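The values are calculated or read from the model by the stated rules, or taken from the named source; none is laboratory data. Since this is a predicted model, take the numbers as computed values, not measurements. FYI the Cβ positions are ideal-geometry reconstructions off the backbone, even for glycines, and counts take in every protein chain you see. Heavy atoms of the whole protein, side chains included, go into the accessibility calculation; ligands, DNA and RNA do not. Shrake-Rupley method; radii C 1.70, N 1.55, O 1.52, S 1.80 Å.
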Amino acid sequence: MEVFEAIKTRRSIRQHKSEPIDEETLEKILEAARWAPSWANTQCWRFIVVHDSNLKAQVADTLSRRKKPDGTISVNVATKVIMEAPVLIVACAELNRSGCRNGTPTTDKGGYWYMFDTALAIQNLCLAAHALGLGTVIIGDFDAKRVAEILGVPEGFSVVTMTPLGFPAHEGKPPHRKELPEIVFNNRFRA
Ligand SMILES: Cc1cc2nc3c(=O)[nH]c(=O)nc-3n(C[C@H](O)[C@H](O)[C@H](O)COP(=O)(O)O)c2cc1C
């Protein structure tokens, strides 16, 4: 698939078939993440490929669950996707490396450039998955500390995000995007 087509047609997929993913395809997708750019090529990211249903269930349980004003509970819509998809990829990052020199942040963004680097790698992964006919959904609303405990992520690393990976059960509908004039300015910011 041509890159521009992949960028435009990738959608968050929240329903998967149970069909397994072969090792070669999985490796290609992880390889796309590996070639993402990163701060001074620090490559702070780490990826945990979770196949085990029991671990997936425990991780799914860390996704947000909030009480709405009417008293009902709203569950993160990605929760069931983790159980449906054959694979869950959890992206972690080593702290105090990206955006840092000798462990000290060098910019006004502090030590948070690891979020940026990991996002770039995950976007590569999502696009590669889509080009190979697989679906992803980036998940951010979960308890990262609990996921770290479940998956044995050591001190000095943070769980950043995760995505289920599987064959989509349907095509995603394109959601609204702002028009270019709303987000692109010439020369100076336009409020
Ligand atoms: C940082 C980030 C966090 C997200 N967290 C969640 C999440 O917790 N649950 C979920 O269902 N979707 C999540 N999404 C998916 C977005 O809802 C989705 O990307 C957005 O609605 C645009 O749809 P599209 O991906 O199909 O273009 C997240 C996306 C990003 C980039």
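Identify the single condition in (1) more than 18 Å from Val137 (Cβ to Cβ); (2) without any contact (Cβ under 8 Å) to a residue 12 or more places away in the chain; (3) open to solvent by 90 Å² or more (accessible area, probe 1.4 Å) that Thr107 does not satisfy, given that it satisfies every other one.
Here Thr107 clears every test but (3).
Can you name the residue in the stretch 44-53 that is touching a residue at least 12 places away in the same chain (Cβ under 8 Å) and assigned to a loop (DSSP other than H, G, I, E, B) and, of all such residues, is farthest from Ala93 (Cα to Cα)?
Top of the filtered list is His51.
All but one of (1) open to solvent by less than 30 Å² (accessible area, probe 1.4 Å); (2) assigned to a loop (DSSP other than H, G, I, E, B) hold for Asn96, so report the exception by its number.
With (1) open to solvent by less than 30 Å² (accessible area, probe 1.4 Å); (2) assigned to a loop (DSSP other than H, G, I, E, B) applied to Asn96, the lone miss is (1).
Exactly one of these conditions fails for Ala148: (1) open to solvent by less than 30 Å² (accessible area, probe 1.4 Å); (2) within 15 Å of the ligand (Cβ to nearest atom). Give me its number.
The one condition Ala148 does not meet is (2).
Can you pull out every residue in the stretch 151-160 that is more than 16 Å from the ligand (Cβ to nearest atom) and open to solvent by less than 60 Å² (accessible area, probe 1.4 Å)?
Leu151, Gly152, Val153, Gly156, Phe157
Which of the residues spanning the stretch 63-74 are within 14 Å of the ligand (Cβ to nearest atom) and either under 17 Å from the mean Cα position of the chain (by Cα) or loosely packed, with under 12 Cβ neighbours inside 10 Å (or both)?
Leu63, Ser64, Arg66, Ser74
For Gln15, only one of the following conditions fails: (1) touching a Lys or Arg at 6+ places or on another chain (Cβ under 9 Å); (2) more than 15 Å from Gly140 (Cα to Cα); (3) away from the ligand (no atom under 12 Å from the Cβ); (4) not small (Gly, Ala, Ser). What is its number?
Answer for Gln15: the failing condition is (3).
Is it the case that some residue within the stretch 77-85 is surrounded by 10 or more Cβ atoms within 10 Å (Cβ to Cβ), in a loop (DSSP other than H, G, I, E, B), at pLDDT 95 or above and not charged (D, E, K, R)?
yes
Select from the stretch 18-43 the residues that are open to solvent by less than 100 Å² (accessible area, probe 1.4 Å), closer than 20 Å to Ile138 by Cβ and not in a helix (DSSP H, G or I) and write down the one among them that is nearest to the ligand (Cβ to nearest atom).
The selected residue is Ala36.
Quick grid of which residues meet (1) closer than 29 Å to Ala36 by Cα; (2) out of contact with any strand residue (DSSP E or B) (no Cβ under 8 Å at 6 or more places or on another chain):
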{"residue": "Lys56", "(1), (2)": "yes, no"}
{"residue": "Ile73", "(1), (2)": "no, no"}
{"residue": "Asn76", "(1), (2)": "yes, no"}
{"residue": "Thr79", "(1), (2)": "yes, no"}
{"residue": "Met83", "(1), (2)": "yes, yes"}
{"residue": "Leu95", "(1), (2)": "yes, no"}
{"residue": "Asp108", "(1), (2)": "yes, yes"}
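Out of curiosity, is Val50 within 15 Å of the ligand (Cβ to nearest atom) and either within 17 Å of Val147 (Cβ to Cβ) or of a type outside the set (Ser, Thr, Tyr) (or both)?
no
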